[in-house]
1. Once you list every other residue whose beta carbon is under 12 Å from the beta carbon of Gly52, what net charge do they have if Lys and Arg are +1 and Asp and Glu are -1?
2. Give, as a single signed number, the net charge of other residues whose beta carbon lies under 15 Å from the beta carbon of Leu218, with Lys and Arg counted +1 and Asp and Glu -1.
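Every number in this text was worked out from the coordinates using simple rules, so none of it is lab data. Please read all numbers here as calculations on a predicted model, not as lab measurements. Note that we place each Cβ from the backbone using ideal geometry, even for glycine, and neighbour counts take in every protein chain shown.
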Amino acid sequence: WATRGYLRSGLLDNQSPLSRHDSLLAVWNDSSLPLSVRQAARREAIWALVAGEIYSDARTELQSIFSEAVEDSLWAVVTLELVNLLDQGSPGKQGGTIDPLASHQRVVAFHDRLQELMGRPTDREALGTPAIPQSPILSSAYPNPFNSTVTIQFELPHSTVVRLDIFNLLGQKVATLVNEPLTAGNHVYRWNAESFASGVYLYRIEAGGFVQAKKMMLMK
């Protein structure tokens with residue numbers, strides 16, 4: 001943040017994208033400055049080109065960065081992918097109107113490419129082979145603390161009868177969210193506590209031989 005504050009001091013933000021790029025590039029070329037400041041300046045200079053839709057110049061500078069095999073190489077490769085994507089046309093914008101589907105497809109395409117560059121599976125690959133838990137998993141309630149409505153989520157490794165109850169700190173059951181057979185997978189329930197007093201409550205799950213309880217706080 002200190003580096004960014006240094007770069008953005010003065011009148012840089014009031015310049016045109018190209019003038020801002022040139023000013024930042026002058027910082028990069030100043031060998032008397034700390035290397036971290038110079039590197040940040042070069043990255044900011046490229047973002048100035050992208051903001052001004054000067055994609056050809058941005059592409060040239062990015063290619064020179066990752067060809068140098070320096071610390072910013074991976075950043076340059078990823079940013080080049082984004083520049084190429086933007087250069088095909090503003091995401092989701094066709095004929096002066098916003099196309100939500102096109103925008104979503106472009107974002108997904110860029111994210112998938114980013115995952116590939118980092119050696120990770122894409123979202124579609126990950127979703128194609130969902131992980132099945134070995135035993136039931138009761139997640140933390142959210143939000144917590146909550147005001148009137150809270151979400152409780154759990155996962156099941158196989159089909160079983162599930163009971164999910166809410167208790168106050170006196171051990172009194174104040175609500176039952178589910179009490180029936182459920183299939184394997186993820187399940188989400190919401191409790192509306194609008195008519196209940198503020199305080200700590202317990203939510204308790206029974207699934208086959210699995211029993212677990214967690215705390216949540218209602219604050220009004």
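1. Numbers: positive: Arg20; negative: Asp22, Glu53, Asp57.
Charge balance near Gly52 sits at -2.
2. Numbers: positive: Arg190, Lys214, Lys215, Lys220; negative: Glu194.
Within the 15 Å Cβ shell, the charges total +3.
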